[in-house]
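These notes concern the structure reproduced below.
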Amino acid sequence: MWVQEKYQKAIAFAGYAHKNQLVPGKEYNYIVHVSNVAAEIARLIMIENIGDEDLAIQCALLHDVIEDTNTKIDDIKNEFGEKVLNGILALTKNDNIIKENRIKDSLERIKEQGKEIACVKMADRITNLQRPPKYWKKEKIKKYMAESIIIYDELKGYSIFLGNRLKDKIKEYEKYLYNNQI
């Protein structure tokens, strides 16, 4: 069972790091997104053996702090340890790679980290497959859905539950391509 104090420490850290950030296209704080990703992981833990539950929960809460805030790598390492840092780094896009290759690179790094981190990536994408921001064009929605299918294809074997959730969310998201649901 995961340790509540580790959850509390990670959510407080994430809340501070994302304090001035809103969910893109929404009117609420980004901490809602990371909380939803952690909720997907908490639900998974009740259904399947995930391995290191604390690692998965902490990485779910912290997965965007390096990519989207001014948080330093050393701050993560000092507060949460190298294992959590490595998970977060695997979940962080490498901006030094051309955009078309970023998802493949990220998925390879995620798979090297194992089930916990693969599950966080699926939980993140499940959470992101909501109504797209109004300013997204159809082409962006199409690319996001195609990327989601790649994530599903590459990671579905790590969790039957999350694989099925992701597949269902992709199917549901498809409506944004074909009608004016945005």
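The values are calculated or read from the model by the stated rules, or taken from the named source; none is laboratory data. These numbers were taken from a predicted model, which means no experiment stands behind them. Quick reminder, even Gly has a Cβ in these numbers, built from the backbone with ideal geometry, and neighbours come from all protein chains shown.
Details
- Complete set of residues in the stretch 131-168 that are surrounded by fewer than 17 Cβ atoms within 10 Å (Cβ to Cβ) and under 14 Å from I110 (Cβ atoms): E147, I150, D153, K156, G157
- Sole residue being surrounded by fewer than 20 Cβ atoms within 10 Å (Cβ to Cβ), out of contact with any Lys or Arg (no Cβ under 7 Å at 6 or more places or on another chain) and either small (G, A, S) or on the phi < 0 side of the Ramachandran plot (or both), chosen from E48, E67: E48
- In the stretch 86-118, the residues that are surrounded by fewer than 20 Cβ atoms within 10 Å (Cβ to Cβ) and either of a type in the set (D, E, K, R) or at pLDDT below 90 (or both): K93, D95, K99, E100, R102, K104, D105, E108, R109, K111, E112, K115
- Test for A42: is it assigned to a helix (DSSP H, G or I), in contact with a helix residue (DSSP H, G or I) (Cβ under 6 Å, 6 or more places away or on another chain) and within 20 Å of C119 (Cβ to Cβ): no
- Restricting attention to the stretch 51-80 and to residues that are assigned to a loop (DSSP other than H, G, I, E, B) and under 16 Å from the mean Cα position of the chain (by Cα), the residue that is nearest to K19 (Cα to Cα) turns out to be T69.
- First in the stretch 55-66 and of a type in the set (D, E, K, R), second anywhere and in a helix (DSSP H, G or I), Cβ under 7 Å, 6 or more apart: D64/V34
- One residue stands out among those in the stretch 14-25 that are touching a residue at least 24 places away in the same chain (Cβ under 8 Å) and either of a type in the set (K, R) or in a helix (DSSP H, G or I) (or both): the one that is surrounded by the fewest Cβ atoms within 10 Å (Cβ to Cβ), which is A17.
- Yes/no for K83 being assigned to a loop (DSSP other than H, G, I, E, B), in contact (Cβ under 8 Å) with a residue 12 or more places away in the chain and among the basic types (K, R): no
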